[in-house]
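S.K.: Structure below; questions to follow.
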Amino acid sequence: EKVRLEQKDHQFLFADDDAFTFMDQESFEQIAIQRDFIGDQGAFLQDGMTVSIEFYGETPIGVDLPEQVILEVQETEPVVKGQTAANSFKPAICDGGVRVMVPPFVGTGERIVVQTADSTYLRRSD
């Protein structure tokens, strides 16, 4: 017997203490998914973000976020003039508490593109 899995696009609506709530973009039905099911990836969720939720019957079995997100740097060490080594990075805390290693030239308040799979800095946002 073949297992039928279905993927549906959902819009992230809000988070509460123990769950994330999404809305099916076709039927407008809402679904709450426990925080521990999504894990650390939940820190990347932003209002209105579209995610793909995989279902087995009516049960969600996976949540796929976009490969990249734009985050604002909330806290990092100040820019040090002359520190331009290509392979040196410093820690930064972004929206949602996401921790990212960024190049020395990135400062607080800047928007950056981050890969969701491994929290890797890709580039400054346009």
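S.K.: Which label marks the calculated value of Kirkwood radius over Cα pairs in Å, given the options [x] 15.3; [y] 17.6; [z] 16.1?
M.R.: Answer label, from the structure shown: [z].
S.K.: Along the charge dipole of the chain, Cβ charges K/R +1 and D/E -1, which of T120, F14, G57 sits furthest on the positive end?
M.R.: Result: T120.
S.K.: Collect residues whose amide H, placed 1.01 Å from N in the peptide plane, falls under 5 Å from the amide H of E110; neighbours closer than 5 in sequence don't count.
M.R.: V73
S.K.: If we count chymotrypsin sites (Phe, Trp or Tyr not before Pro) as exposed when they sit in a DSSP loop and have at most 15 other beta carbons within 10 Å, what is the longest stretch of the chain that avoids them all?
M.R.: 29-88
S.K.: In addition: Per the 1.4 Å probe, what fraction of the accessible area of the chain, in percent, lies on carbon and sulfur atoms?
M.R.: 47 percent
S.K.: Counting only GluC sites (Glu not before Pro) that are in a DSSP loop and have at most 14 other C-beta atoms within 10 Å, tell me the longest site-free stretch of the chain.
M.R.: Within the chain, the longest run free of exposed GluC sites (Glu not before Pro) spans 68-126.
S.K.: Also, I was wondering about something else. Given a 1.4 Å probe, how much area per residue of the chain is accessible, in Å²?
M.R.: So the chain comes to 65 Å² accessible per residue, rounded to a whole number.
S.K.: Shifting gears a bit: Taking a 1.4 Å probe, which of M101, M49 shows the most accessible area, and what order do the others take after it?
M.R.: These residues rank, largest area first, as M101, M49.
S.K.: Give a quick list of trypsin sites (Lys or Arg not before Pro) in the range 1-104 that DSSP marks as loop, anything other than H, G, I, E or B, with at most 13 other Cβ atoms within 10 Å.
M.R.: Passing both the DSSP loop test and the Cβ count: K2, R4, K81.
S.K.: Only Cα pairs under 8 Å and at least 6 apart count here; give the relative contact order of the chain as a rounded whole percent.
M.R.: About 20 percent, as a whole number.
The values are calculated or read from the model by the stated rules, or taken from the named source; none is laboratory data. This structure is a prediction, so every number in the text was calculated from the model and none was measured. Note that each Cβ is placed from the backbone with ideal geometry, even for glycine, and that neighbours are counted across all protein chains shown. Surface areas here come from the heavy atoms of the whole protein model, side chains and all, with no ligands, DNA or RNA. Shrake-Rupley method; radii C 1.70, N 1.55, O 1.52, S 1.80 Å.
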